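One structure is given here, and the rest of the page talks about it.
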Amino acid sequence: MKSKLIICFMILVLIVSTPAKSDEFGIDDLVQGFAADECLDYCIVGVCFWLVGICPFCEIETTAKIQHRLPDLVVSAYKLPGENPWTEARNVYGEFALDALRSIQGDHADGSATVYSTMYHDSEEKSSVAFNEVQVIGNPVAYVSESTDYLCDTESDPIPYFMSEVDAAAWRNPYSEGHHPESYIPGMREIWPMGGSVFPRVGYLKSYDPPKAAAVMAQRAIDITLQTWQLPHLYIPFGYGKINPDLDNVVSDPSSTDAGPDGLECAGTDSETGLWSYSVESVTPEFIEYMNSLVQTGGEGAGSEELTRMRGDPCADNQADCSSSGGFWDGFSCQLQQYVYWLEPGLERERAWQMISPVQQNYCESFIEVPDDWSDDKQTDEYTFGWQYWRKYKCCVPTAGIFLGSVEFSPICVIGSNDY
């Protein structure tokens, strides 16, 4: 009996530790990828201060300020419309994607007939022009990770942010991004090891190497998804409905007279952002000045910008409403908590890509730093590829109390490295 247990354990270890090669992947592969220490890069970077209790019987408590990565997005690249190699996503969104493409292209959208989708199929001689469909979907594994206080809350929802089938009018038009200088000026936003560039962000690339071509398409889709107003593309910007970098928009509804905790006047919740609002009279100019001093508005090409987001509805008068707004109930009122997150508008130098299929990697990489033989072990019969894209976060480990501030020091990395 003992020998059978030992054999079963050895088989389990081999299954978990040996990189699998497959044309498809599922939730279990994403969970396995989430355990990659080299991608998490978990570091303690400071100390956060909280006022706990009701003065004069209050005290100051401290928690760690942490920074790390989360696999916010799952990026799939494939040839046939609707045939996402992520099995669960294909089952849910496959027919929808194909129907969306048919509504735009009509009969030409049939995956078995379109020339764009068969460039690597049913042909002994490969075309020099590669084409990939790409989908960027919120990672449910990152979404579930919010259940622990020792990881920052992900800004990702398990929804499709970008689907090339839905964006067919721009993704299939080689000239749709002619208004971007990066599209025609050599050397701008190049991904040399992959033999391509970020612009133009369309589904075509001159390449004889399917894995490298798919990587370029994945980088292009991420570049679109992580920014707003990337016309003419049709997509949902990452974090839409959660990100509100302009805190002046939070100050609204001066006519509100509904008093909330600590004299704050509650103006309800913004239907677009999901955040609460204050009336003008309820917030002091000093508070607004302080909050705005914490915020740097990130836009296209701005690089990594540190944005501040407050969670917790100060007008909630019970624990259930407070918890649902992301705050902490101290027994009397709903306390606001500060979370800092990073929004990165298309940084191809980020070491954020973890391949899930056809090879399961236990590390993350940047597409511009890979070796020349990168694609040798990644060739597949179906030309399907999948990655987890890890984004950077920094936040305070929460506690029940009012956030006072934080100080930072040189990172102490407990898992992975501080390769930011």
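Ile243 passes all but one of (1) in a loop (DSSP other than H, G, I, E, B); (2) out of contact with any Pro (no Cβ under 9 Å at 6 or more places or on another chain); (3) at pLDDT below 65; which number fails? Condition not satisfied by Ile243: (2). Of all the numbered requirements in (1) buried (at least 20 other Cβ atoms within 10 Å of the Cβ); (2) part of a loop (DSSP other than H, G, I, E, B); (3) modelled with pLDDT of 90 or more, Ser176 misses one, and that requirement is (1). Would it be correct to say that Met188 is in contact with an Asp or Glu (Cβ under 9 Å, 6 or more places away or on another chain), open to solvent by 30 Å² or more (accessible area, probe 1.4 Å) and aliphatic (A, V, I, L, M)? The answer is yes for Met188. Pairing residues of the range 195-211 that are under 14 Å from Asn173 (Cβ atoms) with residues that are in a strand (DSSP E or B) and open to solvent by 10 Å² or more (accessible area, probe 1.4 Å), at Cβ distances under 7 Å and at least 6 apart in sequence or on separate chains, gives Tyr204/Val129.
Taking the criterion of being free of Cβ contacts under 8 Å to residues at least 24 places away in the same chain and either part of a strand (DSSP E or B) or not hydrophobic (A, V, I, L, M, F, W, C) (or both), the residues of the range 54-81 that qualify are Pro56, Glu59, Thr62. Considering Ala170, Ala221, the condition of being under 24 Å from Asp23 (Cβ atoms), touching a residue at least 60 places away in the same chain (Cβ under 8 Å) and open to solvent by less than 40 Å² (accessible area, probe 1.4 Å) is satisfied by Ala221 alone.
The values are calculated or read from the model by the stated rules, or taken from the named source; none is laboratory data. Keep in mind it's a predicted model, so treat the numbers as computed, not measured. Heads up, the Cβs are rebuilt from the backbone with ideal geometry, glycines too, and the neighbour counts pull from every protein chain shown. For accessibility, only protein heavy atoms count, side chains too; no ligands or nucleic acids. Shrake-Rupley method; radii C 1.70, N 1.55, O 1.52, S 1.80 Å.
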